[in-house]
1. Tell me the accessible surface of D74 in square angstrom (1.4 angstrom probe, heavy atoms of protein chains only), to the nearest ten.
2. Please list, in chain and number order, the residues 5+ apart from I163 or on another chain whose amide H is under 5 Å from its amide H, with Hs placed from the backbone.
3. Evaluate the charge dipole of the chain about its Cα centre and quote only its size in Debye, nearest 20, assuming +1 on the Cβ of each Lys and Arg and -1 on the Cβ of each Asp and Glu.
4. Heads up, I need the accessible area for I178: 1.4 angstrom probe, whole protein in place, Å², nearest 10.
5. Accessible area per residue, 1.4 Å probe, Å², for the chain: what's the number?
6. Contact order normalised by length for the range 72-176, with contacts defined as Cα pairs under 8 Å and 6 or more residues apart; what percent is it?
7. ³J(HN,Hα) across the range 152-161 via Karplus (A = 6.51, B = -1.76, C = 1.60, θ = phi - 60°), whole Hz, x for Gly/Pro?
8. What three numbers, in Å, describe the spread of the alpha carbons of the chain along their principal axes, ordered from the longest?
Amino acid sequence: MNVEASVRQGPRQAGSIEQQLVAAVERSELRHKPFDHVYMEDVLDPASYEALLAGIPDQRFYHDLKHRDAVRRDGSSTRLRMYLYPELLKRLPKAQKRVWLPIARALCSRQLEIAFKRKFRASLEERFGKPAERIGVYPVPILLRDQPGYRIGIHSDVAKKAITVQFYLPSDASQRGIGTIFHEGDKGAAAKRTTQMPFMPATGYAFPVALTKSWHSAATSTKQDGERVSMMVTYYVADSLARRLYWKARRALLSLGIHSDH
């Protein structure tokens, strides 16, 4: 399919985007080493994936994400972020909006949340001490364009996160070796025992955040590696009315162009 035509027509779906993502979660194998996680393959049908790549928004729609490891000496960032809430996509060109709206809705959907909770039930219930269905979370979906020089050291994710998900968006297999690295620990020999998630087309990984287990990192990328494009949806803990209101307020501020650098 011609790239321009694929953007103009939008995805020809084998099931809705939401159904495809949910199915990818459900059929993925739950792996326990070095910690509970899944590696998802064929998360979108070829036509939908091609349309998605053809419709990647220009860098002018992103802002710098200034966590410590991403900031250059001049203060700019190697990680560019664009929020994927449906209401924020109105600024995109019409053709791109047609492609990204179904994605944004799927990443925010209750069905995708339920699929991840089912997959990670044991780990989530061990951490939170209650049935997975009763663990309140709030999804924050983003599109990322990591520039050469991006890196992030070994970390396990902060306590306010419940589930971390990343969908990879390379155009081919040439970036296979720049995926996220999982570690058995954060120091010494354990940090050196690793498992890497292949950065392949229409793939992704997810894991329940375990504060002393889910150690992961990203090695410093080079100019030869090129730009690393991906989507993330982070499920933040929202177990109280106050926390849900907090995340809804942050989302509302985004509509006004007000966002956090972190």
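1. 120 Å²
2. V209, Y235
3. Values: 42 positive and 27 negative charges, 154 e Å.
That gives a dipole near 740 debye.
4. For I178, solvent-accessible area is about 30 Å².
5. Spelled out: the 1.4 Å probe surface of the chain, per residue, equals 48 Å².
6. Values: 62 pairs, mean separation 39.8, N = 105.
This gives 38 percent for the range 72-176.
7. Taking θ as phi minus 60°, the curve returns 8, x, 5, 8, 10, 6, 7, 5, 6, 9 Hz for the range 152-161.
8. Taking max minus min along each principal axis of the Cα atoms, the chain gives 48, 41, 37 Å.
The values are calculated or read from the model by the stated rules, or taken from the named source; none is laboratory data. Keep in mind it's a predicted model, so treat the numbers as computed, not measured. Using ideal geometry, Cβ is built from the backbone for each residue, glycine included, and neighbour counts are taken over all protein chains shown. All accessible areas refer to the heavy atoms of the entire protein, side chains included, with ligands and DNA or RNA removed. Shrake-Rupley method; radii C 1.70, N 1.55, O 1.52, S 1.80 Å.
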